[in-house]
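Structure first, commentary second.
The values are calculated or read from the model by the stated rules, or taken from the named source; none is laboratory data. Quick caveat: nothing in here was measured; it's all calculated off a predicted structure. Every residue, glycine among them, receives a Cβ derived from its backbone with ideal geometry; neighbour counts consider all protein chains shown. Note: accessible area is taken over every heavy atom of the protein model, side chains too, but ligands, DNA and RNA are not part of it. Shrake-Rupley method; radii C 1.70, N 1.55, O 1.52, S 1.80 Å.
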Amino acid sequence: YAFVLYFLQVSVELPPVDADAAVIKLAFQGAYRWSDVFWKGVFARLPAAKAAKSDGACDFKSVMEALVADLLAVQMLPEWPVATIMLRRFTKVLSSDSGLKHSDTAVKQASVEFTGQLTARLCADALAAEQTAEEVTALLEAAEAAADNDALQAVEAPERRQEQILNSLHLDYLAAAHSSSRNSLDSSNSITAAARRFVCCRMLNDTIYATNRGGGDAKLSEEQLSLLLVQHRRLQDSSQPVLGKEICFLYLHVGTLTCQP
């Protein structure tokens, strides 16, 4: 399953700086498109799935359950930001004619079980998040206190301050993790490098969406889109911590913060 995650994670990247507006706007859409292709193909095999193996045939329903369990297990890991996208697209297909609205009773039953599996884990994660809320708040406050405001404002809007901090924490963690693993044969294709490219592309997409969502005069011009692309490519390629020199290594696992001035 890690191969599936990796291939989907490397399916998106920031376009070249001379890309036109249409290409810039669609840069992140590959993550949605290929996730949908994957899940629709998986759900298409459900009608033939059996509750138990027989004659050595593969119990495809169990394979799906294991895949969903793996996604839920890694969705909070900074190295696998694509897992959240895959889970969102899974719920989209799950609630469609391919899942809960399918005409086959067996498919409906399996979809109900997937819904229960998903709901139970997300509820457990929500409870765990409540228990660690103070640690997360402390992490955000420490990060904001050490933040390089100029670096943050160069990419994001001031009203999205908390989102900026969270994205910056994520990028700084990935940069530090990538630096510590550069003895690999091809570090440019490492999981952390791919995750960093994915996050920067997602950040660009989120910025465009948040601005255009305002409607009216909030639409971005081609010049503004090009500027945003350049800024995000610079952010992606930079070896410097986004939050300034005081924070050089961050563990994003809840409750852990390591600073090395």
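Values as computed for the structure displayed
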| quantity | calculated |
| --- | --- |
| Residue, nearest to PRO78 (Cα to Cα), within segment 179-221, restricted to residues that are outside any helix (DSSP H, G or I) and modelled with pLDDT of 70 or more | SER190 |
| Matching entry among ALA176, ALA110 (being at pLDDT below 85, farther than 21 Å from THR207 by Cα and part of a helix (DSSP H, G or I)) | ALA176 |
| Pair list, Cβ < 6 Å and 6+ apart or interchain, from segment 11-27 residues that are more than 16 Å from ASP237 (Cβ to Cβ) and without any contact (Cβ under 8 Å) to a residue 60 or more places away in the chain to residues that are open to solvent by less than 60 Å² (accessible area, probe 1.4 Å) and not small (Gly, Ala, Ser) | VAL23/PRO15 |
| Only listed residue being out of contact with any Phe, Trp or Tyr (no Cβ under 6 Å at 6 or more places or on another chain) and over 16 Å from VAL42 (Cβ atoms), chosen from THR115, THR119 | THR119 |
| Top-ranked residue in segment 7-24 [being assigned to a helix (DSSP H, G or I) and surrounded by fewer than 18 Cβ atoms within 10 Å (Cβ to Cβ); ranked as nearest to the chain's Cα centre (by Cα)] | PHE7 |
| Matching residues in segment 81-108 - criterion: being open to solvent by 30 Å² or more (accessible area, probe 1.4 Å) and of a type in the set (A, V, I, L, M, F, W, C) | LEU100, ALA106 |
| Unique residue being of a type outside the set (D, E, K, R), crowded, with 19+ Cβ neighbours inside 10 Å, modelled with pLDDT under 60 and part of a helix (DSSP H, G or I) when the list is LEU152, LEU171 | LEU152 |
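For every residue, the table says whether it meets (1) free of Cβ contacts under 8 Å to residues at least 24 places away in the same chain; (2) under 30 Å from THR132 (Cα atoms).
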| site | (1), (2) |
| --- | --- |
| PHE3 | yes, no |
| ARG33 | yes, no |
| PHE38 | no, no |
| PRO47 | no, no |
| GLU65 | no, yes |
| MET76 | no, yes |
| SER96 | yes, no |
